[in-house]
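Structure first, then comments.
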Amino acid sequence: QVQLVESGGGLVQPGGSLRLSCTASGSIWSIDVCGWFRQAPGKQRELVAAMSKGGTTNYSDSAKGRFTISRDNAENTVYLQMNSLKPEDTAVYYCNYRASSYGINYWGKGTLVTVSS
């Protein structure tokens, strides 16, 4: 089992920045991909950014150039730095850790990001 705790969401004005954090505990040795998804009201959950165990990153088209995923292995924490935020970035952001060999996805409870003036 892996437990994920997110933090860092909140209200920010358009053009502003936020950094989300996700700290993991438990059987993290089994994890090979970590990332962030988001779900806006009335929409499906979508990938924002992901990072493999080897450090390869993948971003959605909407996140490219504005968001950066990073990882602190010593702290078992993955971050999502979000810059130049837009109202359409408003969503609940979920941390995701995947153990592909076992076909298991772990999810955090989500943190709300609201971009509004």
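The values are calculated or read from the model by the stated rules, or taken from the named source; none is laboratory data. Treat the numbers as computed from the prediction; the structure is a model and nothing was measured. All Cβ positions, even for glycine, are placed from backbone atoms using ideal geometry, and neighbour counts span all protein chains on display. The area values use the complete protein model at the heavy-atom level, side chains included, leaving out ligands, DNA and RNA. Shrake-Rupley method; radii C 1.70, N 1.55, O 1.52, S 1.80 Å.
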Considering the range 85-106 alone, what residues qualify as being among the small types (G, A, S) and surrounded by 13 or more Cβ atoms within 10 Å (Cβ to Cβ)?
A91, A99, S100
Only one of (1) open to solvent by 70 Å² or more (accessible area, probe 1.4 Å); (2) assigned to a strand (DSSP E or B); (3) of a type outside the set (A, V, I, L, M, F, W, C) does not apply to K109, and that is (2)
Could you give me the residue pairs with C-beta distances under 6 Å whose first residue belongs to the range 1-12 and is among the acidic types (D, E), whose second residue is assigned to a strand (DSSP E or B) and surrounded by 13 or more Cβ atoms within 10 Å (Cβ to Cβ) wherever it lies, and which are 6+ apart or on separate chains?
E6/C22; E6/C95; E6/T111
Determine which single condition N73 fails, assuming it passes every other condition in (1) out of contact with any helix residue (DSSP H, G or I) (no Cβ under 7 Å at 6 or more places or on another chain); (2) of a type in the set (S, T, N, Q); (3) exposed (fewer than 15 other Cβ atoms within 10 Å of the Cβ); (4) over 16 Å from V2 (Cα atoms).
(4)
Does A74 satisfy the criteria of being at pLDDT below 95, assigned to a loop (DSSP other than H, G, I, E, B) and hydrophobic (A, V, I, L, M, F, W, C)?
yes
